[in-house]
1. Under unit Cβ charges (Lys, Arg +1; Asp, Glu -1), what dipole magnitude, rounded to 20 debye, does the stretch 66-130 have relative to its Cα centre?
2. Please give, to one decimal in nm, the separation of the simple spin-label points placed at Asn228 and Lys34, each 7 Å out from Cα toward the Cβ.
3. What is the calculated FRET efficiency for Ile70 to Tyr137, with r their C-beta to C-beta distance and R₀ = 35 Å, to the nearest 0.05?
4. How much FRET efficiency would the formula 1/(1 + (r/R0)^6) give for Glu197 and Lys58, where r is the Cβ-Cβ distance and R0 is 30 Å, rounded to 0.05?
5. Remind me, relative contact order of the stretch 66-130 in percent, using alpha carbon pairs under 8 angstrom and six or more residues apart?
6. If I model a spin label at Glu92 and Gln116 as a point 7 Å from the Cα along the Cα→Cβ vector, what separation in nanometres do I get?
7. So what J values fall out for the stretch 83-88 if you push phi through Karplus, 6.51 cos²θ - 1.76 cosθ + 1.60 with θ = phi - 60°, rounded to Hz, Gly and Pro as x?
8. Using the structure shown, select from Lys147/Lys196; Lys113/Lys134; Lys58/Lys157; Lys34/Lys147; Lys34/Lys58 the pairs with a Cα to Cα distance greater than 21 angstrom.
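What follows is calculated from the coordinates using simple rules that are stated; it is not laboratory data. If you're wondering where the values come from, they're calculated on a predicted model, not measured in any experiment. Note that we place each Cβ from the backbone using ideal geometry, even for glycine, and neighbour counts take in every protein chain shown.
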Amino acid sequence: MNLKVDGVSAARRVACFAVLAALCFAGCSEWYVKYTDINDAIQASANVERRLEKINGKYILGATDSVQLIVRNGPNLSGGHTIRPDGYVTLELIGDIYIEGMTSMQVADVLTKALQVYIRDVDVTVRITGFNSKKYYMFGETGPGEKPFDGDVTVLKAFGRSGGVSTRAAWDRIRLVRATPNTRQIFKINLREIVKEGNWDCNIQVQSNDVIYVPPTDMARIGYFLDNLLFPFRSVMGAMNTFTSFGALGGGGGGF
């Protein structure tokens with residue numbers, strides 16, 4: 001019995017120390033993070049055309065993206081195509097043509113000029129049917145994983161697609177990390193202001209390869225910390241409780 005009391009007492013002391021340490025950690029964990037002023041980010045606008053032009057330009061096609069070609073005066077050439085890993089698609093009459101790195105309008109212009117050699121008054125329309133080449137990423141207290149980037153994704157739309165956030169999420173400390181070959185920006189996103197207060201200035205546009213991280217609240221962080229800290233002791237404490245319960249039921253009498 002003394003072993004049990006000592007073990008529980010020790011576990012309580014460890015838990016108290018862990019709570020204090022976690023509180024300190026929660027309060028000081030972000031002092032080193034340098035955030036970019038959200039006003040420096042390109043903000044979402046009610047004018048979708050202007051927003052896309054300013055933020056993403058028009059969607060740049062890449063390998064694995066899918067397109068639908070509609071060819072006027074050449075209906076047999078119309079159809080769907082997936083851009084190969086080498087950046088090409090294959091069409092009748094003109095063979096392989098490289099379209100990776102172009103917008104849909106640029107592809108339409110290139111194909112129209114190439115087909116004019118064979119077809120009079122030809123005109124090509126290109127529609128993107130599969131946004132597969134570009135991604136953004138979500139982690140933490142949300143539906144995590146790799147998400148397809150279709151050229152027009154706001155923070156709110158990203159969370160809508162991921163199923164929202166968990167009850168342990170710190171709504172006002174969400175991070176959007178944007179890295180380029182030369183710079184790195186970190187924006188602090190307040191989802192509460194967007195959803196509950198209608199502050200659309202915080203609803204910035206997501207770009208390809210952005211990473212959105214939803215941290216837990218301070219209390220949830222303490223809970224995770226304690227859970228990990230006490231994990232090695234669970235089997236021992238469980239064995240103690242089993243032994244104690246067995247003795248209380250008379251199982252320790254020794255013999256039948």
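1. Values: 5 positive and 7 negative charges, 30 e Å.
Computed about the Cα centre, the dipole is about 140 debye.
2. Reported label-point gap for Asn228 and Lys34 is 2.6 nm.
3. 0.55
4. Details: r = 33 Å, r/R0 = 1.08.
That pair, Glu197 with Lys58, gives E of 0.40.
5. Working: 100 pairs, mean separation 27.1, N = 65.
Computed over the stretch 66-130, the figure is 42 percent.
6. 2.3 nm
7. 5, 6, x, 8, x, 9
8. Numbers: Lys147/Lys196 25 Å; Lys113/Lys134 28 Å; Lys58/Lys157 19 Å; Lys34/Lys147 26 Å; Lys34/Lys58 31 Å.
Long pairs (Cα-Cα over 21 Å): Lys147/Lys196; Lys113/Lys134; Lys34/Lys147; Lys34/Lys58.
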